[in-house]
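Here's the structure, in structure tokens; my notes come after.
Nothing in this text is a laboratory measurement; each read-out follows from the coordinates by a stated rule. As the structure is a computational prediction, the values presented were derived from the model and not from experiment. Virtual Cβ from ideal backbone geometry, glycine too; neighbours counted across all protein chains shown.
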């Protein structure tokens, strides 16, 4: 007998965890996991993300569309209730005395009719329309989720690119300075006749090339800063005030995804929307079938007037009619409509299957890119160590007088380029992580 109270207590204690898990799944269905970005340990990034999700115009429009579709649902719901209206009419009558002798009918009178019209939804057609409107509202929630997903990924991508470009510009500036210094020394060597004109020209070409690369990096940075301002919903004229963390301080401390279950795509807003479209197509078929059955309508009128001098219940006119209406012939319209709705269902199903395959491909492609670029990042780490070792060896040779200062600067420039490649591969891993996050519908 004591087992039952213990079992009851265990069930009671487990209920909060079960409810929390169910609530989390529901939230993931209609929204993204914004806290995943905390794995990058960047407070500025998180600040910009929350600001963008609040102020971005695409997100705001999607949020207002939810309210619009909610009212559309309410409109469909209102159609299940009877219509009741009232009118106020002035009547000018002339009744022949021969037809109705000794009548008290007033030639000038006032009438107050109350009307009611109601189509009885005994087949549930109007209720099906309400279900369709609810699915439209649910689709608007998925559009909202999609806008939040796109904005968050685009903002984070632009943020990482700007941070990386700041690092790249710093490294490229060093390369440019070294190339200028090398050109100055080779110019002196040319004046002493130790190098040819071609070698001098090649050295100057490297200066111009380094400057061009620097200009390209600064141009890209400007474009990404403008994008960050746009996504945050602020003026692009304030891009110089945008704070960006140093790239060396940004690191991903979460778990790199290796594989997913096939149902991971069920969190994607495009898949969820197409699932709703299939449900709507089913309802359209149901409604088309119900159109073959008769409709039952109620019509009622209650009119108070001064036609007979007194304005009271005794002079009121009332009528109530209930009848069924059945279409006998409409040229096959209902048959064609039913066939059309079945075709629309087939199309919706094919679109779902097509998007399902495309989503699986996207997840697989992003995972593979992440895997290979992680290998590239590790390789670039080793290459940087090799470049560092070579640079140290050249420095020792220069210190002993074996290598020239020009050789030393050239090796330094090569080392900086290897560091630049390493930072670019690190940034590419961040972009790949964002691609995986987007491919899974923000469910990481």
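With a Förster radius of 22 Å, plug the Cβ-Cβ distance of residue 313 and residue 127 into 1/(1 + (r/R0)^6) and report the FRET value to the nearest 0.05. Don't skip to the end; give the middle numbers.
On the way: r = 37 Å, r/R0 = 1.67.
That gives a FRET efficiency of 0.05.
What is the list of residues in segment 237-253 whose amide nitrogen lies under 19 Å from a point 7 angstrom out from the Cα of residue 47, following Cα to Cβ?
237-251, by backbone N distance to the label point.
Which of 176, 256, 90 has the fewest other C-beta atoms within 10 Å, and how do the rest follow up to the most? Write down the numbers at each step before the final one.
Values: 176 20, 256 13, 90 8.
So the ranking, lowest neighbour count to highest, is 90, 256, 176.
State the volume of the convex hull built on the alpha-carbon positions of the chain, expressed per residue in Å³ and rounded to an integer. Walk me through the numbers on the way to the answer.
Numbers: hull volume 148.1 nm³, N = 444.
About 334 Å³ per residue, rounded to a whole number.
Give the shape of segment 230-364 as rounded, prolate or oblate, defined through the alpha-carbon gyration tensor: a ≥ b ≥ c are the square roots of its eigenvalues, a/c under 1.5 means rounded, and otherwise the shape is prolate if a/b is larger than b/c and oblate if not. Can you show the working numbers first?
Working: a/c = 4.50, a/b = 1.91, b/c = 2.36.
The shape class here is oblate.
Under the classification rounded if a/c is under 1.5, otherwise prolate if a/b is larger than b/c and oblate if not, where does segment 299-422 fall, given a ≥ b ≥ c as square roots of the Cα gyration tensor eigenvalues?
Values: a/c = 8.62, a/b = 3.50, b/c = 2.46.
Prolate, because a/c is 1.5 or more and a/b exceeds b/c.
Cut-off is 10 Å between beta-carbons; in what order do 317, 360, 231 appear when sorted fewest neighbours first?
Details: 317 12, 360 15, 231 27.
The most exposed by this proxy come first: 317, 360, 231.
Taking the Cα atoms only, what angle lies between the long axis of helix 269-290 and the longest principal axis of the chain, rounded to 10 degrees?
Orientation of helix 269-290: about 20 degrees from the principal axis.
Considering just Cα atoms, how many Å³ per residue does the convex hull of segment 349-430 enclose?
Expressed per residue, the convex hull around the Cα atoms of segment 349-430 is 72 Å³.
How high is the relative contact order of segment 34-439, in percent, counting Cα pairs under 8 Å that sit 6 or more residues apart? The partial results should precede the final answer.
Numbers: 472 pairs, mean separation 93.5, N = 406.
Rounded, it is 23 percent for segment 34-439.
Kindly state, to the nearest 0.05, the FRET efficiency for residue 321 paired with residue 289, given R0 = 41 Å and r defined as their beta-carbon distance. Don't jump to the answer; show the numbers that get you there.
On the way: r = 27 Å, r/R0 = 0.67.
Plugging the Cβ-Cβ distance into 1/(1 + (r/R0)^6) gives 0.90.
Between residue 36 and residue 346, how high is the FRET efficiency from 1/(1 + (r/R0)^6) when r is the Cβ-Cβ distance and R₀ = 56 Å? Nearest 0.05.
Working: r = 37 Å, r/R0 = 0.67.
The value I calculate is 0.90.
Between residue 169 and residue 390, what is the label-point separation in nm under the 7 Å Cα-to-beta-carbon projection?
2.9 nm
Order 180-186, 343-349, 145-151 from most to least packed using the mean count of other Cβ atoms within 10 Å.
On the way: 180-186: 17.0, 343-349: 14.3, 145-151: 21.7.
Answer by packing, highest mean first, reads 145-151, 180-186, 343-349.
What is the angle, in °, between the Cα long axis of helix 3-30 and the longest principal axis of the Cα atoms in the chain? Nearest 10 is fine, range 0 to 90.
80 degrees
Once fully extended, how much extra length lies between residue 253 and residue 70, figured as 0.36 nm per residue of separation less the alpha-carbon to alpha-carbon distance? Walk me through the numbers before you get to the answer.
Numbers: separation 183, 0.36 × 183 = 65.88 nm, distance 4.07 nm.
Result: 61.8 nm gained on full extension.
Need the full-extension length gain, residue 213 to residue 383, defined as separation in residues times 0.36 nm minus the C-alpha distance. One decimal, nm. Could the numbers behind the result be given before it?
Working: separation 170, 0.36 × 170 = 61.20 nm, distance 2.20 nm.
Taking 0.36 nm per residue and subtracting the Cα distance, the gain is 59.0 nm.
I need 114, 37 ordered by Cβ neighbour count within 10 Å, fewest first.
Numbers: 114 15, 37 25.
Ascending number of Cβ neighbours within 10 Å: 114, 37.
If packing is taken as the mean number of other Cβ atoms within 10 Å per residue, what is the order of 330-341, 277-288, highest first? Before the final figure, lay out the partial values.
Details: 330-341: 12.9, 277-288: 18.2.
Sorting 330-341, 277-288 by mean packing, highest first, produces 277-288, 330-341.
Rounding to the nearest 10 and keeping the result within 0 to 90°, find how far the Cα-based axis of helix 43-55 lies from the longest principal axis of the chain.
30 degrees
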